[in-house]
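Enquirer: After the structure tokens below, expect a handful of questions from me.
The values are calculated or read from the model by the stated rules, or taken from the named source; none is laboratory data. Fair warning: this is a prediction, and the values are worked out from it, not measured in the lab. All Cβ positions, glycine included, derive from the backbone under ideal geometry; neighbour counts span all protein chains shown. The accessibility values were calculated without ligands, DNA or RNA, using every heavy atom of the protein model including side chains. Shrake-Rupley method; radii C 1.70, N 1.55, O 1.52, S 1.80 Å.
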Amino acid sequence: MTGQSLDAARLIGRIRTLGEIGRDADGRLVRLAASDTEKLGRDQFVTWVKGAGLDLAVDRIGNIFGIWKPDGVTDDAPLLLGSHIDTVIGAGIYDGCYGVLSGLEVIETLKAEGLTPSRPVVVAAFTNEEGVRYAPDMMGSLVYAGGLDIETALATIGTDGTVLGQELRRIGYAGEHEPGFFRPHAYIELHIEQGPVLEREGIPVAAVEYLQGISWQRVTITGDANHAGTTPISMRRDAGHAAARVITFLRDRARASNTPTVATVGCISFEPNAINVIPSRATFTVDLRDPDEDRLQEEEAALAEFLESISTEEQVGISVERLARFEPVKFDQGIVTLIETAARDRGLACRRMTSGAGHDAQMIARIAPSAMIFVPSIGGISHNPKEYTADEDLIAGANVLLDVVRRLATEGTPA
């Protein structure tokens, strides 16, 4: 199955070039969805797509597609590759971008080989995977898979008060195609692990077989503001203390469990947010993740039960808003096995693993057989300028993707 390797220098060069697009005055990489800086990244990707001789298509949610459909190819269900190029604030250069640019490089390599695919091969850059400016995250792929209405998505108001649809039009990426204008034959996403497992075990490639379920909630606790010096502890309705108890509960429960469940409080704010005033309101987010749906539901139920008890014990009001909910994903086992075989044929150690992060693949898996390939992240660091993957690992993963695509583009999806 192994053929020639891709142009490593071109791939690494493009990753670094894209990684310099969208730097702010402090040198941070910031390409939030549909922003001016993300437009610059999109423009560069489009330039590369056109330079590769691919057909360009943009759908209404702003997803960008580079389409390779040689003359004589009659199958309209393409093999889809990709990820995203939007970033968090203060990002590294690999998250998402590596998968998009590797997909493009794979297509260029197969074209140069003179391969005649039995179906089109398409590389995608999905809109708003990170969800920093507009919620929910993984929005472009979710809309594409039919999980979110396009009009609802376009009407989303961002953290800065902007409207997504208006911003896409402003930057020139409100496309004409309806999301889902083609249904993929299969989807493969190459990505850095964003965790420490592969580096720790000295393994260069992973075939991702599961993706954790994700539950996002916003909890608001209301009490009474009062003087910090004159109000006895026993007479307080302290929203801040109640929030701290919830945070401690989540951490203690996850640490005591022998499951891979994780819980995170990533955002918190107090009102009136004064050093000498008891908080009257605490608002915070809860991120629960587990690869097993039953366990994820158990964690949600445990949190709900604890919130009810805290409300009584602390004499505070509590409300909960669900922000996002995605069930765990089991990827296509035939493609997972094919990834393992491709790695072995390249002389690379490979293991199966579960992804702890959300990815566009979990959305596309709703409509097509899907899987992911991971390569190591040094120190397990991601969403951070220190995010780093060695060039040799980037190249190894991209060559595994190349071999898998060569097989799927000519022979079909393995059973």
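Enquirer: Once you keep just the Cα pairs under 8 angstrom separated by 6 or more residues, what percentage relative contact order results for the stretch 20-154?
Expert: Once divided by the residue count of the stretch 20-154, the mean separation gives 28 percent.
Enquirer: Output wanted: per-residue J couplings in Hz (rounded whole) for the stretch 304-320, from phi through Karplus 6.51 cos²θ - 1.76 cosθ + 1.60, θ = phi - 60°, x for Gly and Pro.
Expert: Here the 3J(HN,Hα) series is 4, 5, 5, 4, 5, 5, 4, 4, 6, 5, 9, 6, 10, x, 9, 10, 10 Hz.
Enquirer: Rounding to the nearest 20 debye, state how big the charge dipole of the stretch 213-326 is about its Cα centre with +1 on each Lys and Arg Cβ and -1 on each Asp and Glu Cβ.
Expert: Values: 12 positive and 17 negative charges, 79 e Å.
With only Lys, Arg, Asp and Glu charged at Cβ, the dipole is about 380 debye.
Enquirer: Could you order E20, E178 so the one with the most accessible surface comes first? Probe is 1.4 Å.
Expert: Accessible-area ranking of E20, E178, largest first: E20, E178.
Enquirer: Keeping all protein chains in place and using 1.4 angstrom, which order do T162, T116 fall into by accessible surface area, from largest down? Don't skip to the end; give the middle numbers.
Expert: On the way: T162 35, T116 105 Å².
The residues order as T116, T162, largest area first.
Enquirer: I want the antiparallel fraction of DSSP beta bridges within the chain, as a percent rounded to 5.
Expert: In the chain, DSSP labels about 65 percent of beta bridges as antiparallel.
Enquirer: Okay, next question. How far apart, in nm, are two points set 7 Å out from the Cα along the Cα-to-Cβ line at H227 and at V277?
Expert: In this crude label model, H227 to V277 measures out at 1.5 nm.
Enquirer: Amide H of L190 versus every other amide H placed in the peptide plane: which residues, excluding those fewer than 5 positions away on the same chain, fall under 5 Å?
Expert: G82, I373
Enquirer: In addition: Express the Stokes-Einstein translational diffusion coefficient of the stretch 77-210 in µm² s⁻¹, to the nearest whole number, given a Kirkwood radius over alpha-carbon pairs, 25 °C and a viscosity of 0.890 mPa s. Present the calculation step by step, with values, prior to reporting the outcome.
Expert: On the way: Rh = 16.6 Å.
Once the numbers are plugged in, D ends up at 148 µm²/s.
Enquirer: Calculate for the chain the 222 nm mean residue ellipticity that helices alone would give, adding -39,500 (n - 2.57) per DSSP H run of length 4 or more and normalising by residue count, nearest 500 deg cm²/dmol. Kindly include the intermediate steps, with their values, before the conclusion.
Expert: Values: 12 runs with 147 residues, N = 415.
Helices in the chain give a 222 nm mean residue ellipticity of -11000 deg cm²/dmol.
Enquirer: Expressed in nm to one decimal, what extension gain is obtained for the pair A77 and H177 from 0.36 nm per residue of sequence separation less their Cα-Cα distance?
Expert: Gain in length upon complete extension: 34.4 nm.
Enquirer: Per-residue HN-Hα couplings for the stretch 344-356, Karplus 6.51 cos²θ - 1.76 cosθ + 1.60 at θ = phi - 60°, whole Hz, x for Gly and Pro?
Expert: Those phi angles translate into 4, 5, 8, x, 10, 5, 8, 10, 8, 7, 9, 8, x Hz.
Enquirer: Let me ask another. What does the accessible area of V329 come to, in Å² to the nearest 10, when a probe of 1.4 Å is used?
Expert: Rounded to the nearest 10, the figure is 20 Å².
Enquirer: Something else: Where does the charge balance sit around S215 when Lys and Arg score +1, Asp and Glu -1, over other residues with C-beta under 9 Å from its C-beta?
Expert: -1
Enquirer: How far apart, in nm, are the 7 Å Cα→Cβ label points at A112 and C267?
Expert: Each label point is offset 7 Å from its Cα along the Cβ direction, giving 4.4 nm.
Enquirer: Find which of L11, S257, L104 sits farthest along the positive direction of the dipole of the chain, computed with +1 on the beta-carbon of Lys and Arg, -1 on that of Asp and Glu, about the Cα centre.
Expert: Value: L11.
Enquirer: Another question, if that's okay. Over the stretch 195-325, what is the mean sequence separation of C-alpha contacts under 8 Å (at least six apart), divided by residue count, expressed as relative contact order in percent?
Expert: Averaging sequence separation for qualifying contacts and normalising by length gives 39 percent for the stretch 195-325.
Enquirer: What distance in nm separates the two pseudo spin-label positions at D160 and K50, each 7 Å out from Cα along the beta-carbon direction?
Expert: 2.5
Enquirer: Can you compute the charge dipole magnitude of the stretch 362-415 about its Cα centre, using +1 on each Lys and Arg Cβ and -1 on each Asp and Glu Cβ, nothing else charged? Give it in debye, rounded to the nearest 20.
Expert: 260
Enquirer: Also, quick follow-up: Relative to the compact globular guide of 2.2 N^0.38 Å, what is the alpha carbon radius of gyration of the chain, as a ratio?
Expert: Numbers: Rg = 22.9 Å, N = 415, 2.2 N^0.38 = 21.7 Å.
Taking the Cα Rg and dividing by 2.2 N^0.38 Å, one obtains 1.05.
Enquirer: If contacts are Cα pairs under 8 angstrom and at least 6 residues apart, what is the relative contact order of the chain in percent?
Expert: For the chain, the relative contact order is 23 percent.
Enquirer: Just how far, in whole angstrom, is the stretch 25-87 from the stretch 222-251 if you go by their alpha carbon centroids?
Expert: For the stretch 222-251 versus the stretch 25-87, the Cα centre distance is 49 Å.
Enquirer: At 1.4 Å probe size, put I233, I339 in order of accessible surface, largest to smallest.
Expert: I233, I339
Enquirer: Here is a follow-up. Debye calculation, C-alpha points only, no solvent: report log10 I(q)/I(0) for the stretch 213-326 at q = 0.17, 0.18 Å⁻¹, in the same order as the q values.
Expert: For the stretch 213-326 at q = 0.17, 0.18 Å⁻¹, log10 I(q)/I(0) is -0.79, -0.86.
Enquirer: I'd like the Karplus ³J(HN,Hα) series for the stretch 292-302: coefficients 6.51, -1.76, 1.60, θ = phi - 60°, whole numbers in Hz, and an x wherever there's a Gly or Pro.
Expert: Calculated HN-Hα couplings, in order: 10, 5, 5, 5, 4, 5, 4, 5, 5, 5, 5 Hz.
Enquirer: Please report, in debye to the nearest 20, how large the charge dipole of the chain is about its Cα centre when each Lys and Arg carries +1 at its beta carbon and each Asp and Glu carries -1 there. All intermediate terms of the calculation are to be shown ahead of the outcome.
Expert: Numbers: 39 positive and 59 negative charges, 85 e Å.
With only Lys, Arg, Asp and Glu charged at Cβ, the dipole is about 400 debye.
Enquirer: Angle, helix 391-411 long axis vs. longest principal axis of the chain, Cα atoms, 0 to 90°, nearest 10?
Expert: 60
Enquirer: Additional query: Tell me, what is the Rg over Rh of the stretch 1-80, with Rh the Kirkwood radius over Cα pairs?
Expert: 1.05
Enquirer: Accessible area of R169, 1.4 Å probe, to the nearest 10 Å²?
Expert: Here the residue's solvent-accessible area equals roughly 150 Å².
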